[in-house]
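Peer 1: Sharing a structure below in structure tokens format, with a few things to ask.
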Amino acid sequence: MRSTKKLVYLALLTGQSLVLFLLEGLIPLPFLAPGAKLGLANIITLIALYTLPRWQDAALVLFLRIVLASLFGGGPTILLYSLSGGLMSFAAMVLLQKSGRFSPLGISSAGGFCHHIGQLLAASLAIGSPQLFCYLPILGPCGLLTGILLGWTATKILVHKNN
Amino acid sequence: MKKMLNRADILLILLLLFISFAPLLFLTSQTPDRLYADITVDGKLIRRVALSGHTGRDTFVQTTAGGHSNTIVVEEDTIAVTDADCPDKLCVMQGPAKKPGDIIACLPHKLLIEVKGSQTDSGLIPMR
């Protein structure tokens, strides 16, 4: 990809994921546990991972989205949790993609799961007690479920993009 | 594009689902490690009673303002007021307290029993 084209594509992806993030904030959802959410913006992270030649570019899209999203609504505490969750999730997804054994759906569900692992790790470090991992039996399956749904969506989009 | 969900995906999801429940083996419950009850009269801390690990039944009489008294019973890990010489006996009717945040109040005697935990309440941490 030429550099101008790539720049525009990256900006487009970042913009789309921001819109999804803000849209998600408008959807009322039942409160299950602290940190449980849909994570619609992760659709874009997946698409970025599968359409961009280098994972570093997808990481840039993710990082920009998290920083900008925390400016739109959140603050430093939210930024910390989003970053820890996002980076953990991204690392897991890149590694699983590199292994070449998994479909976007499996990778996405692992990403959703690891997002919660990252957040819980950060929060546990913040309060200095592993007690928060009591939420994992709720958050883990939640992350897997949303991951499967998002992975399914991303697969559909990728099929259309390739045609 | 390959199949939507292959065998490796299913194994991965099942493994992660299994890991989700692993903390249940290591972390017993969400209630704080140590529970205690603070007994205050007229805003002053009179006595601190450890509730966690408490077994059996202990009874003591707490004298309060104006020569009145409340009978306080600590049974297992709960605390209750079983008798008082106040007119309304609301403190007796409130029953036993055992969770952090539970309180028993006897307003005529300015007596307050608060159950507290020694750990931070995790519900206070904002996460999204």
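Laboratory data are not the source of any read-out in this text; all were calculated from the coordinates shown. Please read all numbers here as calculations on a predicted model, not as lab measurements. Virtual Cβ from ideal backbone geometry, glycine too; neighbours counted across all protein chains shown.
Peer 1: How are the alpha carbon pair distances in the protein assembly as shown distributed across 5 Å bins from zero to the largest one, expressed in percent?
Peer 2: Over the protein assembly as shown, the share of Cα pairs per 5 Å bin runs 1, 5, 10, 13, 12, 10, 8, 7, 6, 6, 6, 5, 4, 3, 2, 1, 0, 0 percent.
Peer 1: Using the Karplus equation 6.51 cos²θ - 1.76 cosθ + 1.60 (θ = phi - 60°), what ³J(HN,Hα) coupling, rounded to whole Hz, does each residue of segment B:55-72 give in order, writing x for Gly and Pro?
Peer 2: After applying 6.51 cos²θ - 1.76 cosθ + 1.60, I find 10, x, 10, 10, 10, 8, 9, 9, 7, 10, 3, x, x, 8, 8, 10, 8, 10 Hz.
Peer 1: Using the Karplus curve 6.51 cos²θ - 1.76 cosθ + 1.60 with θ = phi - 60°, what ³J(HN,Hα) values do you get for each residue of segment A:8-18, in whole Hz, with x for Gly and Pro?
Peer 2: 5, 5, 4, 5, 4, 4, 4, x, 5, 5, 5
Peer 1: In the structure shown, do any of A:Lys5/A:Lys37; A:Lys37/B:Lys116; B:Lys44/B:Lys99; A:Lys98/A:Lys156 have a Cα-Cα gap over 25 Å, and if so which? Present the calculation step by step, with values, prior to reporting the outcome.
Peer 2: On the way: A:Lys5/A:Lys37 33 Å; A:Lys37/B:Lys116 31 Å; B:Lys44/B:Lys99 22 Å; A:Lys98/A:Lys156 21 Å.
Listed pairs above 25 Å: A:Lys5/A:Lys37; A:Lys37/B:Lys116.
Peer 1: In square nanometres and to one decimal, what's the mean projected area of the convex hull around the Cα atoms of segment B:35-118?
Peer 2: So the Cα hull casts an average projection of 4.8 nm².
Peer 1: Then there is this: Of A:Phe63, A:Ser84, B:Phe60, which is farthest towards the positive pole of the protein assembly as shown's charge dipole, taken about the Cα centre with +1 and -1 on the beta-carbons of Lys, Arg and Asp, Glu respectively?
Peer 2: A:Phe63
Peer 1: Round to a whole angstrom and tell me the spacing of the C-alpha centers of segment A:1-77 and segment A:142-157.
Peer 2: 15 Å
Peer 1: At 222 nm, what helix-only mean residue ellipticity would chain A give, in deg cm²/dmol to the nearest 500, using -39500 (n - 2.57) for each DSSP H run of four or more?
Peer 2: Values: 6 runs with 127 residues, N = 163.
Mean residue ellipticity, 222 nm, calculated: -27000 deg cm²/dmol.
Peer 1: Put a dot 7 Å past each Cα toward the Cβ at B:Ile10 and B:Lys99; how far apart are the dots in nm?
Peer 2: Placing both labels 7 Å along Cα→Cβ, they lie 4.1 nm apart.
Peer 1: What residues have an amide H closer than 5 Å to that of B:Arg47, excluding those fewer than 5 places away on the same chain, when H is modeled at 1.01 Å from N in the peptide plane?
Peer 2: The answer is B:Ile39.
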